[in-house]
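Below is one structure, written out as structure tokens, with a few remarks after it.
The values are calculated or read from the model by the stated rules, or taken from the named source; none is laboratory data. Since the structure is predicted, the reported quantities are computational estimates derived from the model, not experimental observations. Every residue, glycine among them, receives a Cβ derived from its backbone with ideal geometry; neighbour counts consider all protein chains shown. Ligands, DNA and RNA are excluded from the accessible area calculation, which covers all protein heavy atoms including side chains. Shrake-Rupley method; radii C 1.70, N 1.55, O 1.52, S 1.80 Å.
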Amino acid sequence: MARLFGTDGVRGVAGRDLTAELAMDLSVAAAHVLGDAGAFAATGRRPVAVVGRDPRASGEFLEAAVVAGLAASGVDVLRLGVLPTPAVAHLTAALGADLGVMLSASHNAAPDNGIKFLARGGFKLSDAVEDEIERRLGESWSFPVGSGVGRVRDAYGEADRYISHVLTTMTAALDGLHIVVDCAHGAAHMVAPEALVRAGARVEAIGARPDGLNINAGHGSTHLDKLQQVVVSRGADLGVAYDGDADRCLAVDHTGTVVDGDQIMAVLAAAMHGDGLLAKDTVVATVMSNLGFKLAMRETGITVIETAVGDRYVLERMKSEGVNLGGEQSGHVIMLDHATTGDGLLTSLHLLGVVAKSGVPLKELASVMTPLPQILINVKDVDKGKASVPELIAAVAEAEAELGETGRVLIRPSGTEPMIRVMVEAASEEHANQVAGRLADVVRTACAS
């Protein structure tokens with residue numbers, strides 16, 4: 001049976017895959033695993049949960065189901081309303097909650113939704129804890145009655161606590177910067193423009209009118225065309241874009257050129273390194289980060305530690321290594337001194353802070369790294385269990401020898417589909433295409449199902 005939890009919570013089409021019944025069952029199981037309601041009985045205190053969501057229409061019925069399951073299990077619930085995932089994570093810690101819940105499908109289209117659980121302190125769950133919640137789904141529980149049931153209250157005003165927090169982390173005002181911000185018609189549509197204005201910037205917001213059905217539609221970090229057009233036409237200094245739940249951020253410089261997560265990390269790492277704030281002069285990135293990022297960090301005197309793809313794996317390695325900066329090419333950037341998860345608003349404020357403090361345009365700052373051409377081919381309908389067959393290993397070794405230090409090969413079986421991903425970086429796009437095409441042909445032949 002397939003695992004219910006994916007790389008970032010439980011996700012699917014709301015009403016079909018992710019039903020109200022499943023949402024309630026998950027929240028009941030989570031209440032017992034994370035809230036440990038029984039352990040609180042002796043103390044006379046009920047566990048507390050915070051619940052937030054993005055603006056998807058389905059979030060309304062899923063929120064009702066989750067809140068019902070938690071309260072029925074004896075958990076007091078604070079409904080935060082529409083807020084970014086990192087805001088829910090921060091408030092889980094700041095309000096001393098025993099668990100947090102975020103309803104969002106991130107960058108996915110409106111019909112999808114998801115449930116993410118957060119542990120005390122606002123951290124994402126380990127695989128083991130998620131497996132425990134899944135294992136206990138459908139157990140026969142003894143539910144409290146009378147004064148033992150959880151109470152529910154609205155806590156929409158707590159959004160300001162989050163805004164105040166991210167603003168206190170800044171070391172430079174954004175006075176004089178003209179910024180366009182694309183909120184993806186998502187969870188940041190209120191808090192991001194307000195925070196940027198309070199930081200001193202002149203702000204034009206787009207993608208900031210959610211109607212429950214337009215989240216990520218033509219806007220946000222996965223659709224940068226509109227942001228590029230507005231930045232150039234308005235003569236803005238730069239633009240930033242979030243995804244639906246605002247845990248990631250990408251940017252656009254004044255010419256409309258995209259600045260991706262690797263480049264943002266490079267700018268932040270170089271600035272923190274120069275100010276003596278980069279712990280152990282080390283940054284954590286995934287195996288998908290561009291080789292250009294790693295070469296640039298080497299030139300700057302910064303060590304790069306690699307992890308598997310997924311911001312939770314980045315965070316785990318950051319904590320174990322005592323490192324305070326890490327992230328992904330997709331724009332998930334974790335600044336562990338200030339947040340427990342990727343935070344698009346926090347990332348953008350600090351990126352803008354470097355621009356404001358240095359007086360150097362983002363285009364010039366981002367040139368600290370030169371991205372190498374990166375080609376990704378998804379070879380579908382193959383046996384992903386054969387990703388390490390001798391023929392493919394030999395082909396990869398030959399390709400790596402051909403590319404030398406100016407290129408890289410990565411073969412990754414998909415975690416959810418019968419597919420093997422072939423990623424090649426090289427000094428030129430033509431060379432990368434040639435090598436990737438050859439390797440994809442080997443995968444189709446050697447890994448046939």
| field | Calculated on alpha-carbon atoms, Rg and Dmax of the chain in Å | value | 22.5, 72
| said: Per residue, how much accessible surface does the chain expose to a 1.4 Å probe? Answer in Å², no decimals. | reply: 40 Å²
| query | Hey, how many Å between the Cα centroid of region 223-278 and the Cα centroid of region 124-170? | reply | 32 Å
| query | Assigning unit charges at the beta carbon (Lys, Arg +1; Asp, Glu -1) and nothing else, what dipole magnitude in debye, to the nearest 20, does the chain show about its Cα centre? | reply | 760 debye
| If you put +1 on each Lys and Arg Cβ and -1 on each Asp and Glu Cβ, how big is the dipole of region 86-160 around its Cα centre, in Debye rounded to 20? | 180 debye
| Taking a label point 7 Å from the Cα of THR370 along the Cα→Cβ vector, which residues of region 424-443 have an amide N closer than 20 Å to it? | 424-434
| request: Mind ranking THR7, THR169 by accessible surface for me, highest first, 1.4 Å probe? | output: THR7, THR169
| task | Distance between Cα centroids, region 1-26 to region 387-404: provide it in whole Å. | result | 38 Å
| task | Would you mind getting me the FRET efficiency between THR445 and GLU134? Use the beta-carbon distance for r and R0 = 45 Å, nearest 0.05. | result | 0.75
| message | With the cut-off at 27 Å, tell me which of the pairs LYS294/LYS386; LYS294/LYS357; LYS124/LYS280 have Cα atoms farther apart than that. | response | LYS294/LYS386
| message | As an exercise, use a Förster radius of 45 Å and the Cβ-Cβ distance of LYS357 and GLU417 to find the FRET efficiency, rounded to the nearest 0.05. | response | 0.50
| With every protein chain in place, the chain: carbon and sulfur % of accessible area (1.4 Å) | 52 percent
| field | Proximal charge balance of VAL231 [Cβ under 15 Å; K/R count +1, D/E count -1] | value | -1
| said: Which aspartates and glutamates, if any, have their Cα less than 14 Å from the Cα of LYS319, not counting same-chain residues under 8 positions apart? | reply: GLU306, ASP311, ASP337
| Relative to the Cα centre, what is the charge dipole magnitude of region 251-372, using +1 at the beta carbon of each Lys and Arg, -1 at the beta carbon of each Asp and Glu, and rounding to the nearest 20 debye? | 80 debye
| said: Taking R0 as 51 Å, what FRET efficiency do you get between LEU167 and GLU430 from their Cβ-Cβ distance, rounded to the nearest 0.05? | reply: 0.65
| query | Among the aspartates and glutamates, which fall within straight-line cross-link reach of LYS363, defined as a Cα-Cα distance under 15 Å, with same-chain neighbours fewer than 8 residues apart omitted? | reply | ASP237, ASP253, ASP260, ASP262
| task | Mind checking which of GLY69, ILE133, GLY122 is farthest towards the positive end of region 65-148's charge dipole, using Cβ charges of +1 (Lys, Arg) and -1 (Asp, Glu) about the Cα centre? | result | GLY122
| message | Per 0.36 nm of contour for each residue apart, how much would the distance between VAL287 and LEU4 grow if the chain were fully extended, relative to their Cα-Cα spacing? | response | 99.4 nm
| field | Span-rule helices in the chain, defined as complete DSSP H runs reaching 18 Å or more along the axis (Cα) with Kyte mean at least -0.5 | value | 58-72, 261-274, 344-358, 390-403, 429-446
| task | Go ahead and collect, in residue order, the members of region 296-340 whose backbone nitrogen is under 13 Å from a label point 7 Å along the Cα-Cβ direction of SER126. | result | 316-317, 320
| Virtual spin-label span in nm between GLU306 and ALA217, 7 Å along Cα→Cβ | 4.1 nm
| query | Considering only LEU268, HIS223, LEU174, whose Cα is most displaced toward the positive end of the charge dipole of region 154-274, charges sitting on Cβ of Lys, Arg (+1) and Asp, Glu (-1)? | reply | LEU174
| request: Could you order HIS273, HIS219 so the one with the most accessible surface comes first? Probe is 1.4 Å. | output: HIS273, HIS219
